[in-house]
2 protein chains.
Amino acid sequence: MDKENFELEDVKEVLDGLLNDISPSKEEETKIKEFSKKIINELYDELNNEKLRHLIVDIVQVGSTARNTNLKNDYDIDIFIRFKKGVDKEVLKETVLKIGKKVIEKLNGKYWIEYAEHPYISAKIGRYDIDIVPCYKLNWGENIVSAVDRTPLHNEFLKKMLKSNTLNNEVRLLKKFLKGIGIYGSDLKTKGFSGYLCELLIIHYGGFINTLIGAQKWKLGKKIILNEIYNIYKLNKDYKFADFKDPLVVYDPVDLNRNVAAALSKENFCKFIFYSYQFLKNPSKDFFYDYHKNLNEKLGNRKKGMLFTLGIRRNKDIVDDVIYPQMEKLQKSINKILIENDFEFLRCGNYADDDMCYLSWEFLVWELPNIKLKIGPPVFNKKGVDNFIKKNDKYFVKDCNVCAYVERNYKNVDELFEAIAEGKLKKKISYPKYVSPENAVIFKGIYKEYE
Amino acid sequence: MDKENFELEDVKEVLDGLLNDISPSKEEETKIKEFSKKIINELYDELNNEKLRHLIVDIVQVGSTARNTNLKNDYDIDIFIRFKKGVDKEVLKETVLKIGKKVIEKLNGKYWIEYAEHPYISAKIGRYDIDIVPCYKLNWGENIVSAVDRTPLHNEFLKKMLKSNTLNNEVRLLKKFLKGIGIYGSDLKTKGFSGYLCELLIIHYGGFINTLIGAQKWKLGKKIILNEIYNIYKLNKDYKFADFKDPLVVYDPVDLNRNVAAALSKENFCKFIFYSYQFLKNPSKDFFYDYHKNLNEKLGNRKKGMLFTLGIRRNKDIVDDVIYPQMEKLQKSINKILIENDFEFLRCGNYADDDMCYLSWEFLVWELPNIKLKIGPPVFNKKGVDNFIKKNDKYFVKDCNVCAYVERNYKNVDELFEAIAEGKLKKKISYPKYVSPENAVIFKGIYKEYE
C-alpha cells in the first residue's frame with residue numbers, strides 16, 4: 001500500500017473542508033494564551049507574596065492549547081508549577097493547594113482538588129477548564145520522580161518539533177479522525193490514542209495522510225522511533241531499544257523506557273488500520289463526525305438474539321480507570337463459564353454510568369436440553385478410564401475416547417446468572433473488588449444499546 | 001497391563017460357566033459333520049453321473065462347523081467345490097448350479113441362487129443352512145483368482161493350528177464376547193471382527209483371556225504376525241511386510257498382502273480394548289449376552305434433545321454392504337452442513353430396514369436467531385478486506401479481523417432438512433446413488449432408538 005493506491009486529491013479536498021471546523025480561530029488561540037499567561041503571572045505574584053518563590057524553578061503552560069494542537073472548543077489550560085528537586089513532597093503539595101486556591105478565587109473561578117500522583121487544583125473560570133499541577137523540574141535524560149514530571153519535557157520537545165514543521169493542523173485532523181472512529185483517548189475505558197501519541201505520529205510521518213498511509217504497512221508489534229531521538233541521546237543506528245510486547249510501540253523521546261502507545265488495545269490498533277484504509281479509499285467527512293456512533297446504529301439495525309445484562313451497583317468513589325479494567329476482567333471470566341456451558345453469544349460489552357456497571361451479552365443460544373456429552377480420555381489411558389467411569393455412570397466408547405452423557409449444571413442462562421448473583425461461582429469466577437457480581441440484577445430480553 | 005493386574009480366578013469362573021451354553025454338544029458336532037459328508041458324497045455322485053468329475057479337484061467342507069469353532073445353534077454348512085485352474089469360468093458356474101440344485105432337491109431341501117464373485121447355491125435342509133460355492137484349487141503362495149479361492153486354504157491352516165492346540169472353545173468365547181458387545185461381523189454395517197480374525201487372534205495369543213490382556217497393550221496401527229507365517233514362507237525375522245494404515249493389522253497366513261482386520265473400524269478397535277478391560281476388571285456373564293443392547297437401553301434412559309430423522313426410501317435390490325457405507329457418507333456430509341450452520345447435535349446414527357434408510361440426529365440446538373457473526377480476514381490483508389466488505393454490509397472490526405453480521409441461511413433444522421429433501425444442496429452435499437436424500441421424509445421430535 002502506497003500513495004499511488006489512493007486518489008489523494010479527493011482526500012485532500014475532504015480535509016480542506018474540515019480544517020475551518022476543527023481548528024480554533026487565531027483570535028481564540030491568542031485569547032487562551034493570554035489568559036494562561038495571566039494565571040501564571042498571578043501564581044508568581046502569590047508565591048512572591050508568600051515568600052515561597054525560592055521553592056520553584058518556573059511555571060509553564062503545557063498541553064495542546066500551549067502548542068496549538070487543540071481542537072476547536074477545547075478550552076483546557078494546563079499549568080505546571082515546577083519545583084526544585086530538593087523540595088519535600090509535603091511542602092510541594094501544600095504550596096500548590098494554597099497558592100492555587102488563592103489565584104482561582106481572585107479570578108472569580110470555582111475549584112476542587114483532584115488526585116493523581118500528587119493532589120492538584122482543577123478549576124473552572126468562564127469557559128476555561130484549568131488544571132494547576134505541581135511537579136519537579138527535570139532535565140533531559142534524568143530519571144523521573146513521578147509521571148507528571150515528564151509533561152513539561154514533552155511540551156518542550158513538541159513545541160520545537162511542531163514549530164519547525166507547522167504540523168499543528170495535521171495533529172488536529174488525526175485527533176478528530178480518531179474521535180470520529182471512537183478510539184481517541186488513552187484512558188482504560190477507551191484504550192485508544194492519546195493526544196501526545198497523535199503529535200508524535202504526525203511528527204514521525206510528516207502529516208495526517210502520510211500517517212494513514214503509513215499505518216497500512218503496520219503489523220502487530222510495529223515499532224516507531226523518531227529520528228530526533230538519535231540526535232537527542234546521541235545514539236548509534238543499531239542501538240538496542242527496550243522491548244515492549246504491545247501492538248504498537250512508540251518510544252517516548254523524553255523517556256526511552258516508556259511506550260507512548262502502551263494503552264492502545266490490539267482491536268483499536270486494528271481499527272485504526274482498517275478505518276484509515278476505508279477513509280483513503282472512500283474519503284468522506286463522515287469518518288470525522290460520530291462515525292463510530294452511526295456505525296453502531298447501523299449495526300444495531302438487524303435481527304437480534306436474546307440480550308442478558310448483569311447490573312452491578314457502582315461505588316461512586318471509584319474512577320473509570322479502575323472500574324473498566326475490572327468490568328473487563330469479570331466479563332472475560334464469565335465468558336469462559338458461558339462457553340464451558342455451551343451458551344453461545346454473538347457479542348458482549350460493558351458500560352458504566354454514575355450508579356451502575358452493566359455487563360451485557362447477546363445470546364444465540366440461551367436454553368439447552370438438560371443433557372450433555374462429556375468426552376473422557378482415550379481408551380488407551382487406563383488410569384484415566386478408571387477415574388472417568390467411576391465418576392460417570394452412562395459411559396460408552398466414541399471414536400477412541402470413553403464418553404458419557406451427563407446432566408448439565410445450567411440448562412439456561414437465567415440459572416447460570418442467578419448462581420453468579422447468589423455468589424455460588426466464586427471458585428470459578430474472579431469477583432473483582434469494585435465490580436462484584438454478587439447481588440447483581442439480571443435483565444433479560446430488553447434490547448438496549450450498550451456500546 | 002499384565003496378568004497380575006486382574007483377578008483371573010474370577011474371570012475363569014465366569015468363562016467355565018459359559019462354555020456349556022455356547023458350545024454345541026458332541027452329538028451335535030458329529031451330526032453336522034455327517035450331514036455335511038452326505039452332501040459332499042451326493043455332489044461327487046452327481047458329478048460322476050454327469051461325467052463332470054474330471055473338472056474338479058475335490059469337494060471340501062469349510063467354515064466354523066468344519067473346524068468346531070461354531071457357536072451353539074449355528075447350523076451353517078459351507079461346502080466348496082474346487083475346480084481345476086484351467087476350467088472356464090462359465091463352465092464352473094453352470095456346473096455348480098446344475099449339480100447343486102439336483103443334490104438339494106434330492107435331499108428335499110429348498111434352494112436359491114446367491115451372487116458373490118460367482119453365483120452359488122444357498123439352501124435350507126431341515127435346520128441346516130447350506131452354501132455350495134465354486135472356486136479354483138490354489139496351492140500355498142499362489143496368486144488368488146477370486147476371494148473365495150482363499151477360503152479352503154484358510155480352512156486347512158486353521159484346522160492344523162487348532163487341532164494341535166485344542167483352542168476351539170477359546171475361539172467360541174471370543175466370538176460370543178464380541179457378539180455381546182456388538183462388534184462381531186466384518187460386514188460394512190458392523191465393521192467388527194470376522195470369525196476368521198477371531199480364530200487367528202486365539203492362535204496368536206493362545207487363548208481368550210490372553211487375547212483380552214494382550215489387547216490392553218494395543219495402540220492404533222497394532223500389527224500382528226503369526227509365528228507360523230515365518231515357517232510357512234521361510235521368512236527372515238526382519239522381513240518387510242506390506243504396509244497397511246488400518247487400526248489393527250493381522251496378516252493373512254494365506255495371503256501376506258491381505259489384512260484380515262481391514263473391515264474393523266477405529267471405534268470398534270477401541271471398543272474391544274475398552275470392554276476387554278472392563279470385563280477383566282469386573283468379570284460377568286453380562287458381557288456375553290446382549291451387553292450392547294442393554295447398554296443402549298441404559299444410555300437411552302436420560303433427558304433427551306430433539307430427534308430429527310431423514311427417512312429415505314430404499315431400493316430393495318441393493319444390499320447392506322452397499323447401503324451402509326453410502327448412508328455413512330451422506331450423514332458425514334450432512335453433519336458438516338449442520339456444524340457450518342451452528343446446529344449442534346449430541347449424537348447421530350443410521351439404520352436401514354427392508355424398505356427405508358433412516359439417518360437420525362439428536363440435537364441440542366435446532367433453532368437459532370436469524371443472525372450470525374461472520375468472521376472475515378485480518379485487517380492486514382487488504383485484498384481480503386476489500387472482498388469481504390463488498391459482500392457484507394454490516395461490517396466492523398473485532399479483535400484483528402473484519403467481521404460482519406449476516407442473516408443465517410437456515411434458522412432451524414427443519415428449514416435445512418427441507419432444503420436437502422428438495423434437492424437444493426447438491427453442490428454442498430454428496431447425494432449418493434442409492435441413498436439420495438431427495439424427497440426424504442423428515443421426522444421430528446419423536447424419540448426412537450436407532451442404534
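The values are calculated or read from the model by the stated rules, or taken from the named source; none is laboratory data. These figures come from a predicted structure and were not determined experimentally. Cβ atoms come from the backbone with ideal geometry, glycine included; neighbour counts cover every protein chain shown. We work out accessible area using only protein heavy atoms, side chains counted, and drop any ligands, DNA or RNA first. Shrake-Rupley method; radii C 1.70, N 1.55, O 1.52, S 1.80 Å.
Each residue of the range B:270-287 was assigned a 3J(HN,Hα) from its phi angle through the Karplus curve 6.51 cos²θ - 1.76 cosθ + 1.60 (θ = phi - 60°); the sequence is 6, 4, 4, 4, 5, 6, 4, 4, 4, 5, 5, 7, 10, x, 7, 4, 3, 4 Hz, with glycine and proline shown as x. Any chance you could give the angle, 0 to 90 degrees and rounded to 10, that helix B:8-22 forms with the longest Cα principal axis of chain B? Approximately 70 degrees, to the nearest ten. Solvent-accessible area of residue B:118, all protein chains in place: 10 Å² (probe radius 1.4 Å, heavy atoms, ligands and nucleic acids excluded). Seen from residue B:367, the other residues with C-beta closer than 12 Å to its C-beta sum to a net charge of -2, counting Lys and Arg as +1 and Asp and Glu as -1. With both residues required to sit in chain B, DSSP beta bridges show an antiparallel share near 80%.
With helices as the sole contributors, chain A gives -13000 deg cm²/dmol at 222 nm; each DSSP H run of n ≥ 4 counts as -39500 (n - 2.57), and the sum is divided by every residue. Placing pseudo-labels 7 Å out from each Cα toward the beta carbon at residue B:31 and residue B:301 gives an inter-label distance of 3.9 nm. Plainly put, the tip 7 Å out from Cα toward Cβ on residue A:442 is 3.2 nm from that tip on each other copy, the closest given first. Would you mind telling me the antiparallel percentage of the DSSP bridges in the range A:26-149, rounded to 5? Around 70 percent of the beta bridges assigned by DSSP in the range A:26-149 are antiparallel ones. Per residue, the average separation of C-alpha pairs within less than 8 Å and at least 6 apart gives chain A a relative contact order of 12 percent.
Close amide-amide hydrogen proximity is noted between residue A:346 and A:362, A:363, A:364, each under 5 Å apart and 5 or more residues distant or on a separate chain (H modeled in the peptide plane; Pro and chain starts excluded). Here the protein assembly as shown is assigned +1 on the Cβ of each Lys and Arg and -1 on the Cβ of each Asp and Glu. Its dipole about the Cα centre then comes out at about 920 debye. Axis of helix A:291-300 versus longest Cα principal axis of chain A: the two differ by about 20°, to the nearest ten degrees.
Sorted from shortest to longest, the distances between the residue A:303 label points of this copy and the other copies are 2.7 nm, with each point 7 Å from Cα along the line through the beta carbon. Taking every protein chain into account, the 1.4 Å probe leaves residue B:25 with about 50 Å² of accessible area, to the nearest ten.
Could you tell me which of rounded, prolate or oblate describes chain B, using a ≥ b ≥ c as the square roots of the eigenvalues of the alpha-carbon gyration tensor, with rounded for a/c under 1.5 and, failing that, prolate when a/b is larger than b/c and oblate otherwise? Prolate is the answer for chain B, as a/c is 1.5 or above and a/b outweighs b/c.
Relative to the dominant Cα principal axis of chain A, helix A:168-180 is inclined by about 30°.
Here's the picture: a label point sits 7 Å out from the Cα of residue B:444 along the beta-carbon direction, and within the range B:335-353 the residues with their amide nitrogen under 20 Å of it are B:335-349.
With each label modelled as a point 7 angstrom along the Cα→C-beta vector, the residue A:258-residue B:217 pair spans 6.8 nm.
The same position residue A:110 in the other copies lies at 10.5 nm from this copy, comparing label points 7 Å beyond Cα toward the beta-carbon, shortest first.
For the range B:243-249, 3J(HN,Hα) computed residue by residue from phi via the Karplus equation (6.51, -1.76, 1.60; θ = phi - 60°) reads 9, 10, 9, 6, x, 10, 10 Hz, glycine and proline entered as x.
Remark on the protein assembly as shown: hydrodynamic radius 35.5 angstrom, per the Kirkwood mean of 1/r across alpha carbon pairs. Applying 1/(1 + (r/R0)^6) with R0 = 35 Å to the Cβ-Cβ distance of residue B:74 and residue A:393 gives a FRET efficiency near 0.50.
Each residue of the range B:206-213 is assigned a 3J(HN,Hα), and the resulting list reads x, x, 5, 4, 5, 5, 5, 5 Hz, derived from the Karplus form 6.51 cos²θ - 1.76 cosθ + 1.60 (θ = phi - 60°), x at Gly and Pro. How far, in nm, would the chain grow between residue A:290 and residue A:48 when pulled straight, counting 0.36 nm per residue and subtracting the alpha carbon separation? Length difference between fully extended and current span is 82.3 nm. Amide H to amide H, with H built 1.01 Å from N, residue A:187 comes under 5 Å of A:192, counting only residues 5 or more places away or on other chains.
Annotation: amide H of residue B:222 within the under-5 Å range of B:249, sequence separation 5 or more or interchain, hydrogens built in the peptide plane. Within straight-line reach of residue B:390, meaning a Cα separation under 19 Å, sit the following lysines at least 8 residues removed in sequence or on another chain: A:271, A:281, A:298, B:372, B:374, B:382, B:398.
With contacts taken as Cα pairs under 8 Å and at least 6 residues apart, the range B:26-146 reaches a relative contact order of 24 percent.
Between residue A:2 and residue A:433, the distance separating the two model label sites (each 7 Å from Cα on the Cα→Cβ line) works out to 5.4 nm.
Summarising the rotation from chain A to chain B, the nearest chain A beta-carbon to the axis and its distance in Å are given as A:365, 3.
Only protein heavy atoms count here; under a 1.4 Å probe, residue B:348 has an accessible surface of about 50 Å². Per residue of A:363-372, other chain Cβ atoms within 10 Å of the residue Cβ number 5 on average.
Loop-located trypsin sites (Lys or Arg not before Pro) across the range B:1-70 with a Cβ neighbour count of 16 or fewer within 10 Å are B:51, with loop assigned by DSSP. Inter-chain neighbour count for A:373-385: the average number of beta-carbon atoms from partner chains within 10 Å of each residue's beta-carbon is 3.
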